[in-house]
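Sharing a structure, written as structure tokens. Questions coming.
Bear in mind these aren't lab numbers, they're just calculated from the coordinates by the rules spelled out. What you see is a predicted model; the values in this text were computed from it and never measured. Positions of Cβ are generated from backbone atoms using ideal geometry, with glycine treated the same way; all protein chains shown enter the neighbour counts.
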Amino acid sequence: MLFYSFFKTLVGKEVAVELKNDVILTGTLHSVDQYLNIKLLTVNVVNQDRYPQLTSLKNCFIRGSVVRYVQIDPKDVDTELLQDATRKENSPQVGGGALMEDKK
Amino acid sequence: MEEPLDLIRLSIDERVYVKCRNDRELRGRLHAYDQHLNMVLSDVEETITTTEEDEETGEEIVSKKTRSVGMLFVRGDIIVLVSPPLRTS
């Protein structure tokens, strides 16, 4: 859920999504869901000569599983907040793991 | 409880080395990760290694391309290994 929340804070910002087939799409992040599927608006395809079939692309849905990277403008990210949230989400005390531990 | 992901938790706000699929390597400062190994890295240097075979001699030509990215989300399913920063002390 950490990255779902993270991407929700980036809604409306410009991002570049690099797919596993090397296509890079830039555009405005419209929405994201729990699978990290992404909807982009005003899409531009980087290296358009290589992918002429994508020239007419304006808005698109990207399945989360085909994403390799998402490039983000560093000024859109609060790294302190992100680190604190990561430590909280992954702290040893949290989660169902305790069920399996021996009771002393 | 100790678990493998503890190593990565202790690398938050440190520069890490990440080896990915398709001969890609990343070096950058780790800000966030989850149990899938999705990550956010900053000041990233990506190195892509490509090997081509010379048609005449059959020799392998190894070339490396690097690029820099300010802030990058990396999807966990391409990650092969994560190594914490080398300590020189």
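Please give the charge dipole size of chain B, origin at the Cα centre, charges +1 on K and R Cβ atoms and -1 on D and E Cβ atoms. Round to the nearest 20 debye.
In debye, rounded to 20, chain B gives about 620.
DSSP loop (so not H, G, I, E, B), at most 12 other Cβ within 10 Å: list which GluC sites (Glu not before Pro) in segment B:33-89 pass both filters.
Counting only loop positions with at most 12 other Cβ atoms within 10 Å, the GluC sites (Glu not before Pro) in segment B:33-89 are B:Glu55, B:Glu56, B:Glu59.
Might you report the magnitude of the Cβ-based charge dipole of segment A:2-83 about its Cα centre, with Lys and Arg at +1 and Asp and Glu at -1, to the nearest 20 debye?
Dipole about the Cα centre, nearest 20: 300 debye.
Which of the chymotrypsin sites (Phe, Trp or Tyr not before Pro) found in segment A:1-67 are in a DSSP loop and have at most 14 neighbouring Cβ atoms, other than their own, within 10 Å?
Answer by residue number: A:Tyr35.
Helix A:79-89: angle to the longest alpha-carbon principal axis of chain A, degrees 0 to 90, nearest 10?
Computed tilt is about 50 degrees.
Determine the dipole magnitude for the protein assembly as shown: charges of +1 sit on the beta-carbon of Lys and Arg, -1 on that of Asp and Glu, nothing else is charged, the reference point is the Cα centre, and the result goes in debye to the nearest 20.
Taking the Cα centre of the protein assembly as shown as origin, the dipole is about 820 debye.
Once both labels are modelled 7 Å past Cα along the beta-carbon direction, what's the B:Thr66-B:Asp54 spacing in nm?
2.5 nm
Straight-line reach only, C-alpha to C-alpha below 15 angstrom: list the aspartates and glutamates that B:Lys19 could link to, leaving out same-chain residues fewer than 8 apart.
Here the aspartates and glutamates satisfying the reach criterion relative to B:Lys19 are B:Glu45, B:Glu46, B:Asp77.
Right, another one. Under the rule that an exposed site lies in a DSSP loop and has at most 15 other Cβ atoms within 10 Å, name the longest stretch of chain B with no trypsin sites (Lys or Arg not before Pro) of that kind, not counting the sites themselves.
The answer is B:22-86.
What does the helix-only formula give at 222 nm for chain A: each DSSP H stretch with n ≥ 4 adding -39500 (n - 2.57), the total divided by the residues, and the result rounded to the nearest 500 deg cm²/dmol?
-5000 deg cm²/dmol
Counting Lys and Arg as +1 and Asp and Glu as -1, what is the net charge of the other residues whose Cβ lies under 12 Å from the Cβ of B:Val62?
Here the charged neighbours net out to -4.
Restrict the search to segment A:6-83; then list the trypsin sites (Lys or Arg not before Pro) that DSSP places in a loop and that have at most 16 other Cβ atoms within 10 Å of their Cβ.
For trypsin sites (Lys or Arg not before Pro) across segment A:6-83 that sit outside H, G, I, E and B with at most 16 neighbouring Cβ atoms in 10 Å, the list reads A:Lys13, A:Lys20, A:Lys58, A:Arg63.
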